[in-house]
Each structure stands twice: as structure tokens, then as C-alpha cells.
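All of the numbers you see were taken from the coordinates with simple rules; none came from a lab. Computed from a predicted model, the values in this text were never measured in an experiment. Cβ coordinates were reconstructed from backbone atoms using ideal geometry, including for glycine residues, and neighbour counts include every protein chain displayed.
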Amino acid sequence: MRIVRTTLFERSLRKLGASAADLEKLEADIAANPDAGDVIQGLRGARKARFSMAGRGKSGGGRAIYVLVVKKDVAYLLLAYSKKDQADLSPAQRKLLVEIVKELTDG
């Protein structure tokens with residue numbers, strides 16, 4: 001499985017301050033078990049994965065939103081955020097993610 005980082009993901013990851021090791025572990029986990037993330041209702045199949053960050057476990061660490069495109073064998077990383085800073089996706093984020101997922105899966 002190929003993992004693709006979107007520009008939105010890269011920007012949000014920089015704000016989050018996750019290390020390269022944190023990202024490598026997240027990508028390895030998704031590649032090994034792409035269906036493990038919880039499907040987010042209303043986001044056209046996008047999933048949420050928890051990942052640990054230095055000094056924090058998975059429950060208090062980061063969240064990554066990704067979508068699988070099975071016919072291409074690709075997982076697109078869409079957004080990253082910290083549970084500490086944000087409990088859930090905002091309505092604006094949800095709307096943006098629906099559009100991105102639609103473009104990636106229909107295109």
C-alpha cells in the first residue's frame with residue numbers, strides 16, 4: 001500500500017509538531033492495517049487513526065484523518081490534529097474533508 005501525504009496534512013502535521021518517527025510509525029500502522037481507523041460518519045469513508053507522539057500516548061496524542069482508495073491501493077493522509085487542542089473536527093473541517101475525499105475517490 002502506498003501512503004500519500006496531502007498538502008493539508010503536511011501543514012497540519014507541522015502545526016502539531018509530530019516528529020519524523022511519529023509519522024513513520026503512523027504510516028507503517030496504516031499500511032499494515034488500513035481498515036483499523038474508525039470510519040467517520042458523513043465523511044464518505046474517511047477514517048480517523050490515533051497515533052502516539054513523543055511524551056504522550058495514543059489516547060492523548062495525535063489524530064490523523066485518512067481515506068483509502070482501494071482500486072489504487074493508496075491511503076491519502078488528509079489532516080492531523082492533537083486531541084489536546086481539538087476534541088473533534090469542526091463543521092468547516094468536515095465540509096473541506098468531504099470535498100477532498102470526493103475528489104480523491106471519484107477522480
Practice prompt. For Thr7 and Lys95, calculate 0.36 nm times their separation in residues minus their Cα-Cα distance, and state this gained length in nm to one decimal.
Written response: 30.0 nm
Worksheet item: For the chain, with only Lys/Arg (+1) and Asp/Glu (-1) charged at the beta-carbon, what is the dipole magnitude about the Cα centre, in debye rounded to 20?
Response: 240
Worksheet item: In percent, what relative contact order does the chain have, based on Cα pairs under 8 Å that are 6 or more apart in sequence?
Response: 30
Item to complete: Kindly put Arg44, Arg2 in sequence by how many other C-beta atoms sit within 10 Å of each C-beta, fewest to most.
Response: Arg2, Arg44
Item to complete: Could you tell me the convex hull volume per residue, in Å³, taken over the Cα atoms of the chain?
Response: 94
Worksheet, complete the sentence: With R₀ set to 22 angstrom, the calculated FRET efficiency between the beta-carbons of Glu103 and Ser52, to the nearest 0.05, is 0.15
